[in-house]
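Let me begin by presenting the structure, written as structure tokens, before commenting on it.
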Amino acid sequence: MFVHEDPEFDDLLRIVGDQRRLSVGLVEKDYRVTHTLWALLDQGFELWFKGGTSLSKGFGIIQRFSEDLDVRVDPGTVAALPAVANWISQGRPAVAQRRAHFEQLASKLHVPGAEVALDEEFSDALWRNAGIRVVYPGKHLADLEPTRPFVLLEVGNARVTPYVERDLSSFVHDHLIATGQLGSYDQNKADAVRVVHPLVTLVEKLDALQWRVGQEDREPASFVRHFEDTARIIEAETTLPPLDGYDGPRSLADEMLAQAQIGAMPSSEHPAFTPDDSPRWDSIRSAYEAIAPMYWGPRLELDVACSTIRHWIARVLGEASSL
């Protein structure tokens, strides 16, 4: 019996929610995220985990609940998926090939106690990545606003090296371990997950901010989380795992730039990291405050996060201009 199959699961969620000062809905979704990752591994898929949720679950760097799970999924021991010869071509055959790949993947995924389906709303128009919705029968889905009432897998072919293997838990699992009850249930913690090194995520998020902040038609809600995520990674830099194979963050960023995985080297002088009194920054500040319910720990002020980013770029990456 899995934890969520216990008739007293709802009581357990409330106990953990009270202890953590979190809504019952967030506690349950956090558990379902771990259960989903476990299910993919248990089924035999090869899995790499990156993005915001990897920072919280894999390394404890941020205390924020992410909207989706950024993953790369390879067939592993599961039946082969339609091959993808080109992940970037916009030609019809290549796009159709990628779509077939994701359709087959979604049809193969099985998460006990949940329904899995490809979601075109959250998929790239050219199928370079796809959204796969994992819908679970939660009793507290209304508590989840502003987050989605389901687990969303954002599956793509993005960079996943270097990575570190980490055991991933949930608030519910942690409580059961602390009280000596975990052994009463079937195992569904996600162990030995390949989690992309946080410095890769840092460089990617800095690049995203440089491109998105200046796009006036881009809703700030789609990127404001990156400010605090990147600042928190920087604060935790001395505690991160070794960056094996690289002289440091600059050599990693150089490689990512050479391989077109970022558009430009992050610059401390870029306006994306210098808040001002413009209407654009007013909207960014409002969006930054609006995501407060997604956090369960103290937050950084936006100006502090930007200052942390600027100083780190100048110190570690140098003054290469991206303007």
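Derivation of every value follows stated rules applied to the coordinates shown; laboratory data play no part. A quick note: this is a predicted structure, and the numbers were derived from the prediction, not measured. Positions of Cβ are backbone-derived with ideal geometry, glycine not excepted, and every protein chain shown enters the neighbour counts.
The figures follow:
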quantity: Spatially close lysines, pair count over segment 3-196: Cα under 23 Å, gap of eight or more or interchain; calculated: 10
quantity: Calculated FRET value between residue 283 and residue 186, using beta carbons and R₀ = 35 Å, to 0.05; calculated: 0.15
quantity: Efficiency of FRET from Cβ geometry, residue 108 and residue 14, R₀ 25 Å, rounded to 0.05; calculated: 0.10
quantity: Set of segment 94-111 residues, backbone N closer than 19 Å to the point 7 Å along the Cα-Cβ line of residue 83; calculated: 94-105
quantity: Fraction of beta bridges assigned by DSSP in the chain that are antiparallel (%, nearest 5); calculated: 80
quantity: Reciprocal mean inverse distance between Cα atoms of segment 4-80 - Kirkwood radius, Å; calculated: 13.9
quantity: For residue 168, residues with placed amide H under 5 Å, excluding near neighbours; calculated: 190, 191, 192, 193
quantity: Linear extension gain, residue 222 paired with residue 236, 0.36 nm per residue minus alpha-carbon span; calculated: 2.6 nm
quantity: Convex hull of Cα atoms in segment 3-196, direction-averaged projection (nm²); calculated: 11.0
quantity: Euclidean distance between Cα centres, segment 207-260 to segment 43-88, Å; calculated: 18
quantity: Extension reserve of the residue 74-residue 120 stretch, reckoned as 0.36 nm per residue once the Cα distance is removed; calculated: 14.5 nm
quantity: The chain: most fluctuating residue of 130, 264, 85 per GNM, C-alpha cutoff 10 Å; calculated: 85
quantity: At R0 = 45 Å, FRET efficiency that the Cβ-Cβ distance of residue 139 and residue 161 yields, to 0.05; calculated: 0.65
quantity: The chain: relative contact order in percent, alpha carbon pairs under 8 Å with at least 6 residues between; calculated: 19
quantity: Residue-averaged 222 nm ellipticity for the chain, from DSSP H runs of 4+ at -39500 (n - 2.57), nearest 500; calculated: -12000 deg cm²/dmol
quantity: Point-charge dipole on Cβ atoms (K/R +1, D/E -1) for the chain, about Cα centre, debye to 20; calculated: 440
quantity: GluC sites (Glu not before Pro) restricted to segment 1-108 and DSSP loop, no more than 10 other C-beta within 10 Å; calculated: 8
quantity: Derived scalar couplings ³J(HN,Hα) [segment 156-166; Karplus, 6.51 cos²θ - 1.76 cosθ + 1.60; whole Hz; x for Gly, Pro]; calculated: x, 10, 5, 4, 10, 10, x, 9, 10, 7, 9
quantity: Segment 196-235: GluC sites (Glu not before Pro) falling in loop per DSSP and having at most 16 other Cβ within 10 Å; calculated: 216
